[in-house]
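J.: Structure below; questions to follow.
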Amino acid sequence: MDIERINKIVKTDIKEGLKVIYPEVFEDNKVNFEKLKALLSGEIIEKEDDRFYFNWAGKNNLYKLIQSPAYGTLKPDKERSIDFDNTENIVIVGENLETLKLMLKPYFGKVKMIYIDPPYNTGKDFIYRDNFKEPLKDYLEKTGQIDSEGKKLTTNTEASGRYHSDWLNFIYPRLFLARSLLRDDGVIFISIDDHEVHHLRMIMDEIFGEDQIDTIVWKKASEGRWGKMKNVKTFRKDHEYLLVGFKKELILNKMLEKPQFKYEYNNPDNDPRGPYKGGSISKREEASNPNHPYYYTVISPSGKEFTRQFELSKEEFEQLDKDGRIYWGKNLDSVPAIKIFINEEREVTPYSIFVEKGTTTEGKEEFLENFGGKYENLVNNLNPKPSKLIKTLAQLATGKQSITLDFFAGSGTTGHAVWDLNKEDGGNRKFILVQLDEEVQDEEVKKEFPTVADICIERLRRVSEKYKKENSERDFGFKVFKLDKSNFNLKDEFEFDPSENKEELKKKYLEWLGIFVDQPLVSGWKEIDVIYEVMLKEGLNLNSKIEKIKIKDDEFYYVKDEEQNLDFYISLKDKFSPETIEEIRTSKYKGKKFVFLDNALTDNDKINLSAFVRLKVI
């Protein structure tokens with residue numbers, strides 16, 4: 001019988017990536033390191049001392065953490081969602097490392113842009129430690145902001161002997177997994193300040209490659225900021241950084257913006273579009289290359305010829321001239337220039353210093369505009385980025401159908417920015433936001449919004465309501481999912497007290513093992529939760545369509561991921577009629593994937609079905 005079991009845990013398999021590049025080094029699905037070394041002859045450093053490398057306390061354990069299984073699942077929360085059945089935007093409430101692992105199979109190589117604003121390690125923000133052996137249990141402790149002994153978790157202060165190491169151990173595995181989610185033309189933007197920018201650059205060099213990194217300096221302060229700030233001993237910090245990492249080649253869209261002229265320009269030919277300046281579109285004749293494809297001759301309205309190398313094709317030039325976009329000078333005999341209108345948005349090559357792309361003040365004002373002034377203390381703790389900044393990044397890095405991911409979602413600015421950009425250019429970009437449900441520290445705010453994830457969802461809800469009034473046809477909804485324990489009974493989760501009587505412990509273990517065998521699902525499981533867990537583990541995305549159908553007299557769910565052309569049928573009934581089994585054996589279902597509870601099928605059912613369909617059991 002060809003019967004597979006649903007994988008009950010998700011494990012990061014680094015081998016798969018290596019197998020794509022070097023299949024010849026695998027024998028019985030294991031790496032033959034001698035063959036690999038032979039292939040890379042001359043590229044391998046034999047001794048650590050022979051190379052420059054970046055090391056810190058705890059780094060050796062990180063690959064164990066990266067490859068440790070994910071034991072959780074994502075459970076849908078329709079009550080907190082907006083337009084759950086139709087929207088393609090996703091908000092996940094939960095710890096981001098476990099969530100990234102769960103996303104690996106369905107979203108591997110699917111994300112066009114990642115933006116994150118992680119803790120800056122200033123000594124005030126919360127840096128939690130990851131439990132190598134029990135990551136999900138560790139997450140449940142994190143959400144309560146207490147440790148395993150019930151003690152309040154504290155911030156990562158400089159008094160800690162592992163101040164920088166703790167932050168690096170925290171961020172490294174998340175970036176490692178994030179890279180796997182990016183498309184080949186994907187890009188990640190990471191906001192950071194001076195505390196860890198140099199260390200972050202070094203680990204990005206390691207994960208993405210030294211030639212795959214760039215840097216943006218963002219002017220975060222507004223011009224009206226008071227110059228005589230107290231307690232500033234050196235320079236007033238008006239900037240932050242955005243480190244940029246990309247998979248293969250960084251190809252960005254042109255930046256859209258209005259020209260920032262420092263003085264007025266006239267309108268010598270009374271162009272109805274208003275004042276403009278002339279922009280150069282050609283090289284001097286003596287500096288031009290006659291063999292260049294854009295080397296050609298143009299004739300001014302006065303009849304004067306100009307032969308030189310241009311920055312655009314002759315067809316493009318002629319179309320611009322026809323549209324009145326070429327300026328030939330007062331006497332119509334000057335070197336042609338392009339008209340750059342003061343009030344007209346234009347495309348420019350992206351630059352590495354972001355000025356007038358939103359400020360921290362604007363980010364806070366934007367938040368308070370949605371929530372009201374009584375949340376001023378909260379917004380000072382959240383420090384939300386301005387949506388204009390993230391919208392600019394999305395405009396540079398995404399197409400109109402792209403997926404954008406933010407796994408430090410905070411108050412949800414990235415979702416807000418994606419919606420704004422879709423409104424402007426008619427796009428259908430989707431977002432995936434992940435936010436830990438950490439406690440809000442403001443006692444008054446906590447009464448209304450207990451966690452930061454609650455704030456994120458509420459902000460998106462309010463923006464959604466506002467935008468839907470303007471355009472009800474566009475997708476301003478979002479699905480909410482909650483990271484939680486698996487619906488499967490897992491052997492790995494048997495807990496015991498070492499001090500307990502051995503005979504009593506043995507008895508409990510055998511009882512528990514019997515439950516695991518006889519009851520593959522935990523008590524209180526819900527059908528829809530199990531369907532979504534199977535969906536993730538089979539590699540279907542969270543926007544897959546779920547349709548309730550009947551095969552003969554038995555109910556099934558048909559699950560279809562249209563983007564990846566993946567599907568399966570699932571039923572969690574404990575018994576099926578012979579007529580249903582026979583119907584599944586017809587040509588209509590030949591080769592399709594079916595998922596059943598193991599104990600719902602007889603041995604004969606399994607034999608009969610496995611010859612016709614891909615049979616999987618829980």
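The values are calculated or read from the model by the stated rules, or taken from the named source; none is laboratory data. Keep in mind that this is a model prediction, so the values were computed, not measured. Glycine gets a Cβ as well: all are built from the backbone with ideal geometry, and neighbour counts include every protein chain shown.
J.: Being surrounded by 15 or more Cβ atoms within 10 Å (Cβ to Cβ) and at pLDDT below 95: is that true of Pro76 here?
T.: no
J.: Only residues in the stretch 244-259 that are modelled with pLDDT of 85 or more count as the first member; pair them with residues that are in a loop (DSSP other than H, G, I, E, B), Cβ under 7 angstrom, at least 6 apart or cross-chain, and list the lot.
T.: If the second residue must be in a loop (DSSP other than H, G, I, E, B), the pairs left are Leu252/Pro350; Lys254/Thr349; Met255/Pro350.
J.: Something else about it: Can you find even one residue in the stretch 495-517 that is assigned to a helix (DSSP H, G or I), at pLDDT 95 or above and among the hydrophobic types (A, V, I, L, M, F, W, C)?
T.: If we filter the stretch 495-517 for residues that are assigned to a helix (DSSP H, G or I), which is where we start, we get 502-517.
Imposing the further condition that a residue be at pLDDT 95 or above reduces the set to none.
Checking the stretch 495-517: not a single residue is assigned to a helix (DSSP H, G or I), at pLDDT 95 or above and among the hydrophobic types (A, V, I, L, M, F, W, C).
J.: Also, I was wondering about something else. Filter the stretch 585-606 down to the residues that are outside any strand (DSSP E or B) and under 28 Å from Val522 (Cα atoms) and list them by number.
T.: If the condition is that a residue be outside any strand (DSSP E or B) and under 28 Å from Val522 (Cα atoms), then Lys592, Leu597, Asp598, Asn599, Ala600, Leu601, Thr602, Asp603, Asn604, Asp605, Lys606 are the ones that fit.
J.: Then there is this: Only one residue in Phe310, Phe306, Phe354 is among the aromatic types (Phe, Trp, Tyr), under 30 Å from Ser387 (Cα atoms) and touching a residue at least 24 places away in the same chain (Cβ under 8 Å), so which one is that?
T.: Phe354
J.: Would you please name the residue that is nearest to Ser288 (Cα to Cα), looking only at residues in the stretch 313-338 that are among the aliphatic types (A, V, I, L, M) and free of Cβ contacts under 8 Å to residues at least 60 places away in the same chain?
T.: Val335
J.: Please go through the stretch 542-559 and pick out each residue that is more than 16 Å from Ile528 (Cβ to Cβ) and either within 28 Å of the chain's Cα centre (by Cα) or in a strand (DSSP E or B) (or both).
T.: Lys550, Ile551, Asp554
J.: Taking the stretch 450-488 only, how many residues are free of Cβ contacts under 8 Å to residues at least 40 places away in the same chain and not in a helix (DSSP H, G or I)?
T.: Of the residues in that region, 3 qualify.
J.: Quickly run through the stretch 375-403 and pick out the residues that are surrounded by 20 or more Cβ atoms within 10 Å (Cβ to Cβ), outside any helix (DSSP H, G or I) and either of a type outside the set (Val, Ile, Thr) or outside the structural domain of Val111 (by TED's automatic domain parsing) (or both).
T.: Pro384, Lys385, Pro386, Ser402, listed by residue number.
J.: When you scan the stretch 564-599, how many residues do you find that are closer than 27 Å to Lys110 by Cβ and either free of Cβ contacts under 8 Å to residues at least 24 places away in the same chain or among the hydroxyl-bearing types (Ser, Thr, Tyr) (or both)?
T.: Qualifying residue count for the region: 3.
J.: When you scan the stretch 293-344, how many residues do you find that are more than 27 Å from Lys258 (Cβ to Cβ), assigned to a loop (DSSP other than H, G, I, E, B) and among the aliphatic types (A, V, I, L, M)?
T.: Number satisfying all stated conditions: 1.
J.: When the residues of the stretch 222-236 are narrowed to those that are surrounded by 10 or more Cβ atoms within 10 Å (Cβ to Cβ) and within 20 Å of Asn121 (Cα to Cα), which ends up modelled with the highest pLDDT?
T.: Per the criteria, the residue is Arg236.
J.: For the stretch 544-554, give me each residue that is surrounded by 13 or more Cβ atoms within 10 Å (Cβ to Cβ) and touching a Ser or Thr at 6+ places or on another chain (Cβ under 8 Å).
T.: Correct list: Ile551, Lys552, Asp554.
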